[in-house]
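Some notes on the structure that comes next.
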Amino acid sequence: MDLALTDADLAFQAEVREFINTYWPEDVRRARATSSRFEESRGHSPEVRRWIDALNERGWAVPNWPQEWGGTDWNPTQKYIWDKETAKAECPQLSAFGARMLAPVLYTWGTDAQKNEFLPKIREERMIWCQGYSEPGAGSDLAGLATRAVREGDEYVVNGTKLWTSGAHVADWMFCLVRTESGAKKQEGISFLLIDMKTPGITVNPVYILGGIHSVNEVELKDVRVPVENLVGEENKGWTYAKGLLTHERTGIAGVARSEVQLARLKRIAQETGMDGGSLWDDPAFRTRVTELEVDLEALSVTELRVLAQVAQGGAPGPESSILKIRGTEIGQAIAMMTIEAFGYYGMPYPEQTLIDNEGPIGNPYVMPTMKGMLYGRASSIFGGSNEIQKNIISKAVLGL
Amino acid sequence: MDFSLSEEQTLLKDSLERFIQNDYDFDTRRKVMAGEEGFSRENWKQFAELGWLAVPFAEEDGGIGGGAIELMIVMEQLGRGLVVEPYLATVILAGGALKYAGNEAQKGAYLGAIIEGSKMGALAFAEPQSRFNLADVATTATADGDGYVLSGHKAVVLGGPSADFFVVSARTSGGPRDADGITLFLVDGDAAGLSRRDYPTVDGLRASEVTLDGVKVGADAVLGTVGGGHAVLEQVIDEATLAVGAEAVGGMEVCYKDTVEYSKQRVQFGQPIGKFQVLQHRMVDMFMEYEQAKSMMYLAAMRLDEGYGAVAKKAVSGFKVQVGKSGRFVGQQAVQLHGGMGMTEELNIGHYFKRLTMIDTTFGNVDFHLKRYGAV
Ligand SMILES: Cc1cc2nc3c(=O)[nH]c(=O)nc-3n(C[C@H](O)[C@H](O)[C@H](O)COP(=O)(O)OP(=O)(O)OC[C@H]3O[C@@H](n4cnc5c(N)ncnc54)[C@H](O)[C@@H]3O)c2cc1C
């Protein structure tokens with residue numbers, strides 16, 4: 001057991017920091033962190049484009065991919081340093097649907113043609129993906145999905161409705177679970193299809209979530225014709241691929257480094273918030289609660305390191321990775337709530353964007369992004385397998401109950 | 001010991017319930033909110049006709065002489081309907097200050113108009129640095145001839161955009177956080193030197209940043225005694241705390257009941273999700289939180305009606321602590337148990353969650369009221 005960084009690690013850390021300061025400098029960071037435009041804070045400004053191009057040029061865009069597709073030869077410590085530093089500077093990430101969720105499926109089970117066509121575009125963020133899994137009747141019970149794909153010659157004809165599809169309104173392509181056979185078990189008979197969003201028969205309807213945020217959609221598929229070469233892996237085996245992918249989703253979702261940034265911000269806000277002539281940070285009650293969160297987060301951080309170490313030794317993240325998802329989202333939500341609480345009355349204003357553009361923010365510039373983040377963050381314990389479902393997994397697969 | 005409502009109180013409750021049920025469904029509320037003012041003047045007129053705007057005022061002032069229990073009844077129902085009309089701002093906050101501190105002339109000029117629905121008001125008490133400390137008043141009132149000149153910044157003034165008049169706390173003497181030396185003033189909405197920046201709040205209300213830049217008022221604008229405003233503010237805010245707490249209790253009731261209903265209908269894994277024991281227990285917890293908050297609400301209302309003093313203050317703070325915790329839990333779990341649907345704008349649940357979240361930081365959060373509870 002050893003936590004110390006070697007000289008080589010430290011040199012690497014310095015290199016990473018310099019890179020970040022060059023391509024994602026302080027002023028850009030702050031502008032993005034205080035932007036009240038939620039959609040924009042996730043989308044692609046010229047600064048984001050520059051950052052992603054720089055990543056690609058340096059060969060650092062997709063550290064976790066196999067090297068032949070652009071991954072790095074970093075050891076786990078280096079990957080850890082990279083994650084920490086980029087999170088600390090709130091660097092934009094490649095769209096997770098493509099780079100973190102679909103890519104592992106493609107480089108593991110895709111055909112050469114699929115790999116050659118899609119992986120470079122995902123790496124360069126020139127092709128945006130969305131995830132078409134959930135449906136009105138299939139949420140937690142994903143295997144209950146009803147969207148059908150019927151083979152006709154060289155094509156599948158797809159009919160059904162996907163719901164909650166994040167980013168479908170900006171996506172070029174969708175990876176999609178469809179039913180190709182009504183098997184004995186509902187997990188059997190599901191296939192993994194790649195669908196070009198420009199295909200005739202696809203309608204994307206916005207679904208607004210709390211705070212008026214447009215990030216999810218309903219996607220209607222009506223006689224959508226998909227070439228068979230867009231099937232990933234074998235027909236009726238899609239569930240296996242998707243399940244592997246969900247575990248990836250789960251580790252990423254812990255968001256330890258992101259929570260550390262938010263926690264540091266919360267402290268700063270508390271220090272800047274007036275109370276009885278001093279600051280909110282001087283209030284022992286508030287401070288104790290923030291400190292509790294800090295300890296929770298530290299425990300999670302070490303738990304994550306243990307999972308990563310296990311992965312580094314060749315293991316896949318097992319069912320215990322559900323801990324990361326549950327505790328990570330709980331802590332993230334608690335930090336967001338406490339930040340709103342720190343603002344006091346100034347947590348309330350929710351002005352229209354034009355008012356902010358013309359007259360500036362009301363109160364602290366972090367109020368709007370924090371509120372939008374808090375509202376959106378309520379979904380983090382719902383998507384990617386809800387926290388209830390994660391606990392079912394732990395109790396069954398880990399505790400054997 | 002008796003927790004039942006009198007006949008008049010039951011009638012009041014029924015009339016509100018009917019309105020919420022028949023005239024204030026979620027779609028109507030949404031339309032009302034989308035309008036220019038963010039609420040409906042028509043509804044306001046109806047509130048006046050039904051006598052709701054008269055509830056807390058004395059009969060000699062044209063009111064119906066209701067106390068804390070009547071206010072609680074009104075607000076609990078308004079909370080169930082997630083009503084956005086500025087009842088709290090006009091009747092309880094601005095009206096409350098007039099009720100407790102106004103002289104005959106002031107009551108004559110304002111209370112009748114509030115009761116008949118022709119004037120709206122707001123209480124401008126918070127400031128950017130004040131957080132929940134009512135004595136932290138930096139806005140100044142300087143004597144000027146017979147009157148005063150007011151200058152300062154009032155923060156997040158609920159109901160500010162529609163206010164015809166403001167009750168403003170300002171410092172006439174003393175240090176930055178002295179309870180003594182705070183005076184309340186009646187200031188016209190269109191007074192020279194008063195400007196407002198209006199905006200919607202995240203929970204569907206409207207508020208303003210109010211700037212006072214050398215606003216001149218006469219001696220007759222002083223509400224209550226010079227330097228004695230803090231005691232009035234404290235009492236008004238305590239009543240308002242009961243009010244938002246009752247609103248939260250109403251909201252929690254809808255949240256837990258709707259969640260129970262939803263869990264019976266939503267099928268996953270071949271069964272209604274309400275069959276999963278972990279969710280059953282969660283809903284039981286929601287129910288218990290609601291009941292506990294309701295108990296503290298009754299206690300606070302009854303204590304306030306017994307007379308305003310240490311016992312009442314403590315009961316109000318205890319209620320607010322309970323509401324803060326319960327409201328958050330119930331709101332968050334209602335969203336969680338509705339899954340993605342709970343996250344949408346189109347379902348009511350998320351809107352209750354937002355209001356419950358903001359009520360926690362209105363008139364003092366859990367920390368604030370725990371401290372106050374321990375101190376009084
Ligand atoms: C903001 C947002 C973005 C999303 N993005 C995407 C996307 O890009 N692509 C995509 O495919 N999907 C996406 N989703 C959908 C998400 O994966 C689903 O919301 C999630 O799977 C839950 O399904 P549901 O909403 O139907 O809730 P339900 O499954 O109906 O669940 C309702 C409640 O019941 C509980 N529950 C269900 N089953 C059990 C059980 N067996 N035991 C105990 N409790 C149970 C749940 O935990 C939850 O609390 C997104 C959702 C949101 C809110």
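Those residues that are within 12 Å of chain A (Cβ to nearest Cβ) and not aliphatic (A, V, I, L, M), I need them from segment B:118-136; list them, please.
B:125, B:127, B:128, B:129, B:130, B:131, B:132, B:133, B:136
Find the residue count for segment B:322-336, including only residues that are more than 9 Å from chain A (Cβ to nearest Cβ) and crowded, with 22+ Cβ neighbours inside 10 Å. It would help to see each step written out before you state the result.
First pass over segment B:322-336, keeping only residues more than 9 Å from chain A (Cβ to nearest Cβ): B:322-327, B:329-331, B:333-334.
After this cut, where a residue has to be crowded, with 22+ Cβ neighbours inside 10 Å as well, the list is B:322-324, B:326-327, B:330-331, B:334.
Qualifying residue count, segment B:322-336: 8.
Residues that are within 14 Å of chain B (Cβ to nearest Cβ) and more than 11 Å from the ligand (Cβ to nearest atom) number at least 1 in the following strands (runs of 3 or more DSSP E) confined to segment A:161-226: A:202-209. Remark: pairs (first residue in segment A:377-393, farther than 16 Å from residue B:344 by Cα and within 8 Å of the ligand (Cβ to nearest atom); second residue assigned to a loop (DSSP other than H, G, I, E, B) and modelled with pLDDT under 95; Cβ separation under 6 Å; 6+ apart in sequence or on different chains) = A:384/A:253.
Look at segment A:140-157 and say how many of its residues are within 14 Å of chain B (Cβ to nearest Cβ) and among the aliphatic types (A, V, I, L, M). Steps first, answer last, please.
Within segment A:140-157, the subset within 14 Å of chain B (Cβ to nearest Cβ) is A:140-146.
Checking the rest, the ones that are also among the aliphatic types (A, V, I, L, M) come to A:142-143, A:145-146.
Final tally of qualifying residues: 4.
Among the helices (runs of 4 or more DSSP H) confined wholly to segment B:57-141, which include 2 or more residues that are out of contact with any Phe, Trp or Tyr (no Cβ under 8 Å at 6 or more places or on another chain), in contact (Cβ under 8 Å) with a residue 24 or more places away in the chain and more than 17 Å from residue B:228 (Cα to Cα)? Don't jump to the end; show me each part of the working.
On the way: elements: B:68-81, B:95-101, B:104-116.
Ranges flagged: B:68-81, B:104-116.
Residues in segment A:341-382 that are part of a helix (DSSP H, G or I), at pLDDT 95 or above and within 7 Å of chain B (Cβ to nearest Cβ): A:341, A:344, A:345, A:346, A:347, A:371, A:378, A:379, A:381. Looking at B:292, B:336, B:322, just one residue is at pLDDT 95 or above and within 12 Å of the ligand (Cβ to nearest atom), and that residue is B:336.
No other residue among A:363, A:315 is touching a helix residue (DSSP H, G or I) at 6+ places or on another chain (Cβ under 7 Å) and among the small types (Gly, Ala, Ser) apart from A:363. Taking the conditions exactly as written (within 11 Å of chain B (Cβ to nearest Cβ) and modelled with pLDDT under 95), does residue A:320 satisfy them or not? Judged against the criteria, residue A:320 is not a match. Residues of segment A:383-401 that are part of a loop (DSSP other than H, G, I, E, B) and more than 9 Å from every other protein chain (Cβ to nearest Cβ): A:384, A:385, A:399, A:400, A:401. Within segment B:269-289, take every residue that is touching a residue at least 40 places away in the same chain (Cβ under 8 Å) and more than 10 Å from the ligand (Cβ to nearest atom) and give me the one that is farthest from the other protein chains (Cβ to nearest Cβ). So, considering only residues that are touching a residue at least 40 places away in the same chain (Cβ under 8 Å) and more than 10 Å from the ligand (Cβ to nearest atom), the one farthest from the other protein chains (Cβ to nearest Cβ) is B:289. Kindly indicate whether any position in segment A:316-330 is assigned to a helix (DSSP H, G or I), among the hydrophobic types (A, V, I, L, M, F, W, C) and more than 23 Å from residue A:389 (Cα to Cα). Scanning segment A:316-330, I find no residue that is assigned to a helix (DSSP H, G or I), among the hydrophobic types (A, V, I, L, M, F, W, C) and more than 23 Å from residue A:389 (Cα to Cα), so the answer is no. With respect to the conditions (1) within 14 Å of chain B (Cβ to nearest Cβ); (2) out of contact with any Phe, Trp or Tyr (no Cβ under 7 Å at 6 or more places or on another chain); (3) touching a residue at least 24 places away in the same chain (Cβ under 8 Å); (4) not aromatic (Phe, Trp, Tyr), residue A:275 falls short on a single one, namely (3).
Among residues that are within 14 Å of chain B (Cβ to nearest Cβ), among the polar types (S, T, N, Q) and within 30 Å of residue A:321 (Cα to Cα), residue A:262 is not included.
Scan segment B:339-354 residue by residue and report those that are within 10 Å of the ligand (Cβ to nearest atom) and surrounded by fewer than 24 Cβ atoms within 10 Å (Cβ to Cβ).
Our first condition is that a residue be within 10 Å of the ligand (Cβ to nearest atom); within segment B:339-354, this holds for B:339-344.
Scanning segment B:339-354 gives B:339, B:340, B:341, B:344.
Applying the criterion of at least 2 residues that are away from the ligand (no atom under 16 Å from the Cβ) and without any contact (Cβ under 8 Å) to a residue 40 or more places away in the chain to the helices (runs of 4 or more DSSP H) found wholly in segment A:72-149 leaves A:112-123. Scanning segment B:20-56 for residues that are at pLDDT below 95 and more than 23 Å from residue B:345 (Cβ to Cβ) yields a count of 0.
Can you find a residue in segment B:285-297 that is on the phi > 0 side of the Ramachandran plot and buried (at least 17 other Cβ atoms within 10 Å of the Cβ)? Among the residues of segment B:285-297, not one is on the phi > 0 side of the Ramachandran plot and buried (at least 17 other Cβ atoms within 10 Å of the Cβ), which makes the answer no.
The values are calculated or read from the model by the stated rules, or taken from the named source; none is laboratory data. Bear in mind the structure is a predicted one, so any value in this text is a computation, not a measurement. Here Cβ is always computed from backbone atoms with ideal geometry, including for glycine, and neighbour counts include all displayed protein chains.
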